[in-house]
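Read the structure below first, then the notes.
The values are calculated or read from the model by the stated rules, or taken from the named source; none is laboratory data. Bear in mind that the values here come from a model prediction, so they are computed numbers and not experimental data. Because the Cβ atoms are built from the backbone with ideal geometry, glycine has one as well, and the counts that use them run over all protein chains shown.
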Amino acid sequence: MVYFLIILLLILLLLILLWLWWRGRDVKLSEAHYASGWSVNNNADWTPFPPNANPLGPPNDACTGGVIVGSWAHFTFPQFGLPAGSTVTGIMVRFKYLSQSGSNTVQLTNGGTLVGNSKPIASVAGPSRCSSTKFTSVGGDGDTWGTNFAVAAVNAAAVGVRITQNANTVDIDAVELTVCYST
């Protein structure tokens, strides 16, 4: 009977140690925010232009549109709350948008400065303007866009997204930034 209790206690101790190890391993998490601010390089191209809130926050079928190739819109995001000691493992940008005549590009910014690699955003065609916008995503967990973001920069609201028009018509309803991280 004593041996049985000792074996039972050893098994219980082993299970507790395994549980503690499991809790301490890398945990993949993510946090997402919709754009909270935006600017453009050419107010004449964007209708409506900043500071209009159409493309800010969650999708609301109230877009901003641009029609001049080469114009861009820069979106900023509120502060994130990633835990200290975390590591950014990837970034995903999700758009609710429409591009009638081709693909566009997106690039991340840090403090307003372009960083990392630009990525194409696939064309999303539709019969009308804002009511036909659809979701499309670029990046994801494991994709750091060729740059390294410090948790402090993400938490300080320094990360942004710039969309450059390569197509003649672009309508943007919402932009969402998801930061993937491990602890």
- Message: Being farther than 25 Å from GLY65 by Cα and in contact with a strand residue (DSSP E or B) (Cβ under 6 Å, 6 or more places away or on another chain) is the requirement here; does LEU82 meet it?
- Response: yes
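Among the candidates ALA174, ALA157, single out the residue that is outside any strand (DSSP E or B), surrounded by 14 or more Cβ atoms within 10 Å (Cβ to Cβ) and touching a residue at least 12 places away in the same chain (Cβ under 8 Å).
Values: ALA174 fails: outside any strand (DSSP E or B).
Unique residue meeting the criteria: ALA157.
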- Task: Spot the failing condition for SER99; the list is (1) in contact (Cβ under 8 Å) with a residue 40 or more places away in the chain; (2) farther than 15 Å from VAL175 by Cα, and only one is missed.
- Result: (2)
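From the list THR133, THR183, exactly one residue is farther than 23 Å from SER36 by Cβ, surrounded by 14 or more Cβ atoms within 10 Å (Cβ to Cβ), of a type in the set (Ser, Thr, Tyr) and modelled with pLDDT under 90. Which is it? Lay out the reasoning, then the answer.
On the way: THR133 fails: farther than 23 Å from SER36 by Cβ.
Result of the check over THR133, THR183: THR183.
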- Any idea how many residues of segment 43-79 are out of contact with any strand residue (DSSP E or B) (no Cβ under 6 Å at 6 or more places or on another chain) and closer than 19 Å to ILE121 by Cβ? 6
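Could you run through segment 99-129 and say how many residues are part of a loop (DSSP other than H, G, I, E, B) and modelled with pLDDT of 90 or more? Write out each step before concluding.
To start, the set of residues in segment 99-129 that are part of a loop (DSSP other than H, G, I, E, B) comprises 100-103, 111-112, 122-129.
From the residues that got through so far, the ones that are modelled with pLDDT of 90 or more too are 111-112.
Total meeting the criteria: 2.
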- Query: Within segment 119-157, which residues are in contact with an Asp or Glu (Cβ under 7 Å, 6 or more places away or on another chain) and of a type outside the set (A, V, I, L, M, F, W, C)?
  - Reply: ARG129, SER131, THR133
- Task: Output the number of residues of segment 93-130 satisfying the condition of being in contact with a Cys (Cβ under 9 Å, 6 or more places away or on another chain) and of a type outside the set (Phe, Trp, Tyr).
- Result: 4
